Every structure is written in structure tokens, then in C-alpha cells.
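Q: Here it is, the structure, as C-alpha cells.
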Amino acid sequence: MPDFDLPRPVLLTFIGIGAVLMAATLIEITARGRVPEDMRPRLKAWWGMVAIYGAAALIGRTASIVLIAFTSFLALKEYLTLIPTRRADRAVLLLAYLAIPLQFYWVAIGWYGMFIIFVPVYMLLLLPVPMLLIGETGGFLKAIGTLHWGLMTCVFSLGHAAYLLVLPPLPGAPAGGPGLLLFLLVLTEANDVAQYVWGKMFGRRKIIPKVSPKKTVEGLVGGVVTTAALAIALAPLLTPFDWPRALAAGIGVGIAGFFGDIAISAVKRDLGIKDTGALLPGHGGMLDRLDSLTYTAPLFFHAVWYGYY
Amino acid sequence: MPSGTAITEAPAPARLLREAFFLGVVRPLVAIVLGVNLRHGERLPIEGPAILLANHNSHLDTLTLMALLPHRLLPRIRPVAALDYFLKTRWLAWFATRVIGIIPLDRRPKPGSDPLAEPEAALARGDILILFPEGSRGAPERLQAFKTGIAHLAKRRPDVPVVPVFLHGLGKALPKDAFLLVPFFVDVFVGEPVAWTGDRTDFMARLERAMHALAEECRAPAWD
């Protein structure tokens, strides 16, 4: 049984996303050969993602939280697969995985105090304990540092997206928590696409060639402007924001998304790989898709929390 | 259990139990807890007889390979596994033969006996064998030299494609002697079938080369 009714604005936004995807798919079909070759698998993966997350939204809040928890699990698994780990730390890694159901349980019961300190404090203190008991000190700092960064990025940061769902409804925002979450997701992903497209069409001046050679000033500025415009357009439907706040949210998501993106790029550079995985054909791995969200989700959440709760 | 009798008396797999175990436990485990990065999956056999030749690091190797082939082929798939290990206790023997459907292989055959009789008979029936030519799981995530049993089998059945498969990550997820399964994405790289060349040394060299070439494709982060 659905444990909450999907607000009408959220449903409308999903229909809008479907229409945009449909348009992109038609363009891809009619202009095949003139558009990038990976557009087809990319679009296919987008359809799949929208279908899965849309279905979860329709089923209800618990289903949505479980799906975000599972997404978090995939991201952490991908991260732990990529980074060097120590054989002695198998039990420690398992303990890190165990943080996922707990963290999302705090979300589901709306225990904000626990949600906000569990990974940054308790897991920070707990994860080294089995390592210390095992007594393997060679590479200790690297092992605990990389593991906790992964947990913070893949579980704590992404978990903020789920916590939006349990925020109490605000006056003047009929879409409630699901509206805020969808607003965040649409802006973050649209910003990724917009920065990519602007960069591809007009990109000339490189920003950080050492980390990500494809990032250009033109892509970043075009993306941020596009995202800001989209934020102003969607805010009345999904959020309690007036237009200056919507503008700030759009610019914030645009810039934060950029840094989330290049943070994962730096991880990939460091490890000498191109994609974080092969889960999403055309996109790469889960972290390739979620990189921006690891920055935008907590920042957006805390802006809302500070401003409205 | 005397080894001579075990080969002939290994009971046939229990079909329904096996299907239920693979659909209900193995496939979800491989797809969700682990997650497979499959490269060149189109090279996997779509019918028997065939031999899948993989490197061996974990008990999960067999389950993962079996889960990668279409479910309709399950009754055809027979992993060849060490008799001295899998038929050691009654319960393990029951599970290995009835549920996993192994063909027990005597690693120290008595003089005059033919340890490859059962695998050969299975190929004649059109089965797909899973073989680990390293002989044991060994040190995790390290390739060992191949044993030549596969060459004897290929010589007897030169028509059967021998498909090399390189597995990485399963030895991290569940190494030898470990009890905890730790989730990792695993790599499965499938090579082109290697044909029997008429010469054992040459054939073995080709197999080892094929496996090392697949291993080169795989970027493995440090794990020590």
C-alpha cells in the first residue's frame, strides 16, 4: 500500500521529464549519424533510471528510501571495488556496508540527530576499531582515510537526498518532500547534461585540464545559467522558494554539481581509470552518474534545513 | 569414503532443487550482492557440448559462471570439482552433487583408472563443463600454472570448444578459508574458443596465453 499519495506537481514533473526524454529520443532517431554515437545508450539508460525511480515514487516513501539506499550500496560497492584495499580489512569493509541499512533506517524514522552524526562521528570512530584489533598498521591511515571518505560520499552525502522525503510539509509547497527531492534531482542531472552540451558546442577555455580536460568555462557558465533558469521555472511547482531563492538554488546546484563531478574525476585520475564502472551503458558506472549529486544533495538539503526548519 | 566408488556412485543432480537454488539464491547473489562486469559475453557458449575454462580463486567462481549462462542451460552445466574436497563429508557431497551438480574428479587417480571418463561422457551427452585448470583455488587473485587434464580431454573431444574465462574479484569477495562474503563488483572476461592443436604442450601454451591476455585487459587495484 502506498504510504503517501504522490503529489500532483511531482506527477506533472515526471510527465514533463518523460516528454523531454521522448523529444531527445526522437531527435536521436531522426539525426542518427549526426549526433554523438553514445547518445543512444545514454538515453536508454536515462529511460531506465527515470522508470525505476518514478516507479518507486509512485509506490511510496518507503520504497523511495529503500531505492536510494540500494543506489548508495551500488555506489559504495563500486568505490570499494575501485580503490586499493587491504586483505586484512574484509570485516571492516563489511562493517562499512552495514552502515547503509542503519543510516537509511535513521532516515526512514526521521531521526535527524542520529542521521547527521552517525557516519561522520560514530562510523569514523567505529571503523578503525576492528582494524586496530586485527593489528595491521601498515597502510592504516590510507585504509581508514579512503574507506571513510567513501562512506561519507556514497552513504552520508547521498543519504541527504532521501532525508528530503521525510521533511514535514511546508505551507505553500504542496509537493512537500518528494517535490524538493525531485527538484534537486532534476536540477542536478539537467546541470550535468547542460554543462556537457554547452561545453561540447562552445567549449574553448579549459578550467582544470589536470583533473578533467573536457571541463571548460563555456560549459560551466552555460550550464549554471541553464540550471538557474530551470530552477526558476520549476520552483513554483515543486518548492516553497520565491524566485530569488530559486535562482540561488539553481546557481548553487550548478556550481556544487561541477565540483562533485570533478572530485570523482580526480579519484578516477588518481586510480588511472576512465569510468567508475559499467553499470550504466553510455554513462559508465553509478558514481559517474552520481558524482554531482554527492555535492548537491547535502548542500541543497542544508540550505533548505537552515532556511525552512 | 573410498575414492573409487565415489565416481561411479555420484548421484545425478536434483533438477527442481537445483533450479530453485539458482533462481532463488545464486542469481540474486551474483546480480545484487556482487554485480558482474561481463566483457565479451557473446563468446559464452549458447549450447553444449562446451568447456568453460576459468581461473580459480573462490567457491563463488563456479556459481558466478553458472549464473552467467542462460537458465535454460542449467541442466546441462556440470562443474568438474575435486572429489577429495567435495565428497569429504556427507552433507557437502549431497550439496555438491545434487544441488551444484558437480562431476567429482579424482585428483590422485589409481593406476589403471580413467579420471576423465565421467567428464568425457558428459561432453558426449552435450553437457557444458566448467573446469579450473589451476587445480585449486590457491592464493587469492593470483594465476597459477595449468594442469594438463584439459589437454587430455580436448584431445579426446577435439570438436568441443574450449572457452577461456578470466575471473577477477571473486577471490576478494570470498577467498579460500573465509567465512564472510564481502560485496565487490567482479570482472568476467570471456576469450575466444581455443581449438585442440594436436600437441599437448602447444595447446597448453595457447590456453595459458589466452588467459594471461584476458588478465591483461583487467585493471585490478592492489589488494594485499
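Q: Which one of B:L170, B:P193, B:A213 is farthest out on the positive end of the charge dipole of the range B:58-215, using unit charges on Cβ (Lys, Arg +1; Asp, Glu -1) and the Cα centre as origin?
A: The residue sitting farthest along the positive end of the dipole is B:L170.
Q: Something else now. A:D270 to A:E37: extension gain in nm, 0.36 nm per residue of separation minus the Cα-Cα distance?
A: Numbers: separation 233, 0.36 × 233 = 83.88 nm, distance 2.77 nm.
Gain on extension, A:D270 to A:E37, equals 81.1 nm.
Q: Neighbouring Cβ atoms within 10 Å as the yardstick, rank A:H148, A:H160, B:H40 fewest first. Walk me through the numbers on the way to the answer.
A: Details: A:H148 18, A:H160 25, B:H40 15.
Going from sparsest to densest Cβ surroundings: B:H40, A:H148, A:H160.
Q: What's the magnitude of the charge dipole for the protein assembly as shown around its Cα centre, counting Lys and Arg as +1 and Asp and Glu as -1 at the beta-carbon? Answer in Debye, nearest 20. All intermediate terms of the calculation are to be shown ahead of the outcome.
A: Values: 51 positive and 40 negative charges, 87 e Å.
That gives a dipole near 420 debye.
Q: Next question, about the same structure. Compute the distance in nm between two label points, each set 7 Å from the Cα along the Cα-to-Cβ direction, one at A:A248 and one at A:I29.
A: 4.4 nm
Q: I would also like to ask the following. Quick one: what are the phi-derived ³J(HN,Hα) couplings along the range B:76-88, Karplus 6.51/-1.76/1.60 with θ = phi - 60°, whole Hz, x for glycine and proline?
A: Karplus-based 3J(HN,Hα) across the range B:76-88 equals 8, 7, 10, x, 8, 9, 4, 4, 5, 8, 7, 9, 5 Hz.
Q: Another question about this same structure. Work out, step by step, the length gained on full extension between A:L124 and A:I15: first 0.36 nm times the residue separation, then minus their alpha carbon distance; give nm to one decimal. Write down the numbers at each step before the final one.
A: Details: separation 109, 0.36 × 109 = 39.24 nm, distance 4.17 nm.
Taking 0.36 nm per residue and subtracting the Cα distance, the gain is 35.1 nm.
Q: Label B:T148 and A:M49 with points 7 Å out from Cα along Cα→Cβ: what is the distance between them in nm?
A: 5.4 nm
Q: Shifting gears a bit: Please say if the range B:63-155 is rounded, prolate or oblate, where rounded means a/c under 1.5 for a ≥ b ≥ c the square roots of the C-alpha gyration tensor eigenvalues, and otherwise the choice is prolate for a/b larger than b/c and oblate otherwise? Intermediate results must be reported in sequence, preceding the final value.
A: Values: a/c = 1.19, a/b = 1.14, b/c = 1.04.
Judged from the Cα gyration tensor, the range B:63-155 comes out rounded (a/c under 1.5).
Q: Under 30 Å Cα-Cα from B:K172, which lysines qualify once same-chain neighbours fewer than 8 residues away are excluded?
A: Result set, ordered by chain and number: A:K77, A:K142, A:K268, A:K274, B:K88, B:K147.
Q: Let me ask another. When only DSSP loop residues count, what trypsin sites (Lys or Arg not before Pro) in the range A:32-90 have their Cβ near at most 10 other Cβ atoms within 10 Å?
A: Passing sites in the range A:32-90 are A:R34.
Q: Moving on to the next point. In nanometres, what is the gap between the two model label sites at B:W94 and A:R8, each 7 Å from Cα along Cα-to-Cβ?
A: Inter-label distance under the simple model: 6.2 nm.
Q: Right, here's the next one. In whole angstrom, how far apart do the alpha carbon centroids of the range A:184-204 and the range A:92-120 sit?
A: Cα centroid to Cα centroid, the span is 32 Å.
Q: Need the list of aspartates and glutamates near A:K206 for cross-linking: C-alpha distance under 19 angstrom, and skip anything on the same chain fewer than eight residues off.
A: Partners found: A:D192, A:E218, A:D261.
Q: Considering only DSSP beta bridges where both residues belong to chain B, give the percentage that are antiparallel (nearest 5). Intermediate values should be presented prior to the final figure.
A: Details: 5 of 23 bridges.
About 20 percent, rounded to the nearest 5.
Q: Only counting other Cβ atoms within 10 Å, I'd like B:K147, B:K110 sorted with the fewest neighbours first. Kindly include the intermediate steps, with their values, before the conclusion.
A: Working: B:K147 16, B:K110 9.
Neighbour counts put them in this order, fewest first: B:K110, B:K147.
Q: Would you mind calculating the gained length between A:K200 and A:L94 on full extension (0.36 nm times residue separation, minus the Cα-Cα distance), in nm to one decimal?
A: On the way: separation 106, 0.36 × 106 = 38.16 nm, distance 4.11 nm.
Full-extension gain reported as 34.0 nm.
Q: Counting other Cβ atoms within 10 Å, which GluC sites (Glu not before Pro) in the range B:7-69 have at most 15 and lie in a DSSP loop?
A: On the way: sites: B:E9, B:E19, B:E42, B:E47; in loops: B:E47.
Answer by residue number: B:E47.
Q: Turning to a different aspect of this structure: Give me B:L52, A:L6 sorted ascending by neighbouring Cβ count inside 10 Å, so fewest comes first.
A: So the ranking, lowest neighbour count to highest, is A:L6, B:L52.
Q: Under a 5 Å amide H to amide H cut-off, with H placed in plane at 1.01 Å, what residues pair with B:A82 once short-range neighbours are removed?
A: Amide H to amide H, under 5 Å and 5 or more residues apart or across chains, B:A82 pairs with B:L105.
Q: Using amide H atoms built in the peptide plane, which far-off residues or other-chain residues are under 5 Å from B:I77 H to H?
A: Counting only residues 5 or more places away or on other chains, the set is B:I128.
Q: Decide, for the protein assembly as shown, between rounded, prolate and oblate: order the square roots of the alpha carbon gyration tensor eigenvalues as a ≥ b ≥ c, take rounded if a/c falls under 1.5, and otherwise choose prolate if a/b is larger than b/c, else oblate.
A: On the way: a/c = 2.19, a/b = 1.94, b/c = 1.13.
Judged from the Cα gyration tensor, the protein assembly as shown comes out prolate (a/c at least 1.5, a/b above b/c).
Q: Pull out a ≥ b ≥ c, the square roots of the eigenvalues of the alpha-carbon gyration tensor of the range B:3-217, then state rounded if a/c is under 1.5, prolate if not and a/b is larger than b/c, and oblate in the remaining case. It would help to have the intermediate numbers written out before the result.
A: Values: a/c = 1.35, a/b = 1.05, b/c = 1.29.
Judged from the Cα gyration tensor, the range B:3-217 comes out rounded (a/c under 1.5).
Any read-out appearing in this document is the output of simple, stated calculations on the displayed coordinates, not a laboratory observation. These numbers come from a predicted model, not from an experiment. With ideal geometry, Cβ positions are generated from the backbone for all residues, glycine too; neighbour counts draw on all protein chains shown.
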